Amino acid sequence: MTEKGLKVVVIGGGIGGLFAANALIARGFQVSVYEQASNLGEVGAGVFLTPNSVRQLQRVGLGPAVEKFGAGVGSGSQYLRHNGAPIAPVQVTDSAGWNAAFGMHRADLVEILATALPTDVVHTGYRCNGCKQSGDVARVTFANGAVAEGDVVVAADGIHSALRHEVTPPSHPVFSGSVAYRGVIPHERMPSWSTKSWLMWLGKGKHFLTFPVRAGQLINYVGFVPADEEMKESWSAPGDPDVLRGEFAGWDPRIESLLSQVSATFRWALYDREPLPTWSRGRLTLLGDAAHPMLPHLGQGANQSIEDGMALATILARANRKTVATALLAYEGLRRERVASIQRGARENGLRYDSANPDLGVRDAQMAAHAAFRRRLYDHDVVPEAEAAALGLG
Ligand SMILES: Cc1cc2nc3c(=O)[nH]c(=O)nc-3n(C[C@H](O)[C@H](O)[C@H](O)COP(=O)(O)OP(=O)(O)OC[C@H]3O[C@@H](n4cnc5c(N)ncnc54)[C@H](O)[C@@H]3O)c2cc1C
């Protein structure tokens with residue numbers, strides 16, 4: 001039972017912070033979210049929600065919204081060679097009793113998560129620049145001079161987290177050598193494109209992904225290519241559609257035809273971090289990319305941030321003011337190894353996707369066997385584990 005009045009300050013209004021706020025409020029906490037930007041929002045690209053997070057979104061009552069604004073992904077999903085030759089089907093839905101997977105526009109997901117919150121929860125224009133703890137309270141300071149106090153502070157402020165150094169020794173983001181071009185194309189411009197399939201083409205040093213979003217009205221694409229020095233330094237920047245087209249010239253004609261419709265694109269340099277040795281100190285903990293930035297090659301960064309939020313809310317619900325710090329240690333103890341294995345798995349899968357193995361037959365067999373790995377990701381339900389981890393906190 002949640003101790004009445006326990007107050008949680010969440011830093012960052014991205015997917016991780018907003019989902020955590022929903023999960024915490026569902027458990028009866030008083031929650032405030034502080035976001036540095038003047039408005040909530042997300043880039044014009046997709047995010048693939050897998051069953052392990054869809055079941056958590058359903059738990060906080062967002063299942064109908066996900067079904068309405070997402071695009072259910074299933075039949076026809078495939079891994080392909082760069083020229084379109086099939087490698088293996090991708091099982092992403094339901095024969096094993098999973099919830100379905102959904103392609104979502106990121107802005108739609110942020111909107112759904114934010115709209116579900118009471119109106120006074122999210123505060124925009126608050127850039128956090130510090131957190132101090134004394135006795136029973138944690139105090140967060142902001143660049144605009146404001147101060148927020150809480151029993152718990154959750155830093156969900158992304159890969160460059162302003163509070164990470166408070167809980168763990170400094171470390172540098174690790175550059176993968178690749179950038180991702182991302183964008184969406186109206187389906188009406190490509191009417192024969194499947195609105196049900198997740199499709200991944202694998203070539204030498206590059207790969208290309210598509211899936212539908214916004215109830216199939218848009219096709220999301222991501223083109224992963226090697227980076228030059230300028231791309232590495234810029235983190236994210238507008239991309240040149242002709243450069244993108246050039247990168248995938250000679251691939252499956254379906255990709256060329258899709259990219260012929262691109263008039264603007266954006267690119268991201270892909271960074272992760274080595275798994276962190278600790279996530280929490282006292283009343284402060286990390287969540288989402290602040291705790292475990294990962295490469296997108298298992299499509300799990302946002303999904304894991306949603307698992308984090310549900311784990312945190314479930315464990316904190318058993319805590320009181322005196323046991324908050326122990327509860328946060330239980331949360332990180334539960335989450336750290338799972339996400340570290342996914343961080344490592346994403347790096348390894350990126351090598352498979354980029355055809356690093358000279359024997360493509362071996363690689364193709366690994367992709368065919370990948371269904372078993374996906375099952376371990378997707379079958380996972382963080383709630384029973386979190387309940388077990390919280391035993392004894394009350
Ligand atoms: C190319 C690409 C494709 C991807 N595809 C997928 C996918 O299909 N599925 C998936 O699960 N994941 C995917 N990911 C990963 C996913 O985007 C991230 O893991 C996820 O968005 C992390 O969410 P977050 O809320 O933890 O962090 P963020 O999204 O980074 O949000 C952090 C928020 O905190 C705010 N903030 C930062 N600093 C401060 C501060 N000092 N004070 C206040 N606010 C602050 C920021 O403005 C931001 O709103 C992909 C990533 C990339 C690069």
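The values are calculated or read from the model by the stated rules, or taken from the named source; none is laboratory data. For clarity, every value in this text was computed on a predicted model and none was experimentally measured. Neighbour counts run over all protein chains shown; Cβ positions are idealised from the backbone, glycine included. Surface accessibility is based on the protein's heavy atoms, side chains included, excluding ligands, DNA and RNA. Shrake-Rupley method; radii C 1.70, N 1.55, O 1.52, S 1.80 Å.
Looking at this structure, is Ala114 in contact with a Leu (Cβ under 6 Å, 6 or more places away or on another chain), buried (at least 17 other Cβ atoms within 10 Å of the Cβ) and part of a helix (DSSP H, G or I)?
Spelling it out, Ala114 is indeed in contact with a Leu (Cβ under 6 Å, 6 or more places away or on another chain), buried (at least 17 other Cβ atoms within 10 Å of the Cβ) and part of a helix (DSSP H, G or I).
Rundown of residues vs (1) open to solvent by less than 10 Å² (accessible area, probe 1.4 Å); (2) more than 16 Å from the ligand (Cβ to nearest atom); (3) of a type in the set (Asp, Glu), yes/no style:
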site	(1), (2), (3)
Ile315	yes, yes, no
Ala319	yes, yes, no
Ala346	yes, no, no
Gly361	no, yes, no
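In the list Arg335, Arg374, which residue meets the criterion of being among the basic types (Lys, Arg) and under 30 Å from Leu80 (Cα atoms)?
Working: Arg335 fails: under 30 Å from Leu80 (Cα atoms).
Of the residues listed, the single one that is among the basic types (Lys, Arg) and under 30 Å from Leu80 (Cα atoms) is Arg374.
Does Val47 meet the test of being surrounded by 21 or more Cβ atoms within 10 Å (Cβ to Cβ) and either closer than 18 Å to Ala317 by Cβ or near the ligand (Cβ under 8 Å from one of its atoms) (or both)?
Judged against the criteria, Val47 is a match.
Given (1) in contact (Cβ under 8 Å) with a residue 60 or more places away in the chain; (2) open to solvent by less than 50 Å² (accessible area, probe 1.4 Å); (3) near the ligand (Cβ under 9 Å from one of its atoms), where does Leu209 come up short, assuming only one miss?
Just one mismatch for Leu209, condition (1).
Can you work out which of the residues in the stretch 1-24 that are away from the ligand (no atom under 14 Å from the Cβ) and at pLDDT 95 or above is surrounded by the fewest Cβ atoms within 10 Å (Cβ to Cβ)? Lay out the reasoning, then the answer.
We begin by selecting, within the stretch 1-24, every residue away from the ligand (no atom under 14 Å from the Cβ); these are 1-8, 24.
If we keep only those that are at pLDDT 95 or above too, we end up with 7-8, 24.
Details: Lys7: 17, Val8: 25, Leu24: 27.
The extreme case among them is Lys7.
Hey, among the residues in the stretch 141-162 that are more than 8 Å from the ligand (Cβ to nearest atom) and within 23 Å of Ala311 (Cα to Cα), which one's surrounded by the most Cβ atoms within 10 Å (Cβ to Cβ)?
Filtering first and then ranking leaves Val154.
List the number of the failed condition for Trp201; all other conditions in (1) surrounded by fewer than 20 Cβ atoms within 10 Å (Cβ to Cβ); (2) away from the ligand (no atom under 14 Å from the Cβ); (3) of a type outside the set (A, V, I, L, M) hold.
It is condition (1) that Trp201 fails.
In the stretch 13-62, what residues are of a type in the set (Phe, Trp, Tyr) and closer than 15 Å to Arg106 by Cα?
Phe19, Phe48
Only residues that are open to solvent by 50 Å² or more (accessible area, probe 1.4 Å) and either within 13 Å of the ligand (Cβ to nearest atom) or at pLDDT 95 or above (or both): list them for the stretch 163-174, please.
Listed by number, the list holds a single entry, His165.
Across the stretch 50-61, which residue is least open to solvent (accessible area, probe 1.4 Å) among those that are over 19 Å from Gly216 (Cα atoms) and in a loop (DSSP other than H, G, I, E, B)?
Selected residue: Val60.
Inside the stretch 232-308, counting only strands (runs of 3 or more DSSP E) that do not spill past its ends, which hold 3 or more residues that are basic (Lys, Arg), away from the ligand (no atom under 12 Å from the Cβ) and surrounded by 14 or more Cβ atoms within 10 Å (Cβ to Cβ)?
Of the strands (runs of 3 or more DSSP E) lying wholly inside the stretch 232-308, none has at least 3 residues that are basic (Lys, Arg), away from the ligand (no atom under 12 Å from the Cβ) and surrounded by 14 or more Cβ atoms within 10 Å (Cβ to Cβ).
Can you name the residue in the stretch 25-44 that is more than 19 Å from Val140 (Cβ to Cβ) and in a loop (DSSP other than H, G, I, E, B) and, of all such residues, is farthest from the ligand (Cβ to nearest atom)?
Gly28
Is the stretch 303-319 home to any residue that is among the polar types (S, T, N, Q) and under 23 Å from Leu80 (Cα atoms)?
Of the residues in the stretch 303-319, the ones among the polar types (S, T, N, Q) are 303-305, 314.
From what is left, the residues that are under 23 Å from Leu80 (Cα atoms) are none.
No, because not a single residue in the stretch 303-319 is among the polar types (S, T, N, Q) and under 23 Å from Leu80 (Cα atoms).
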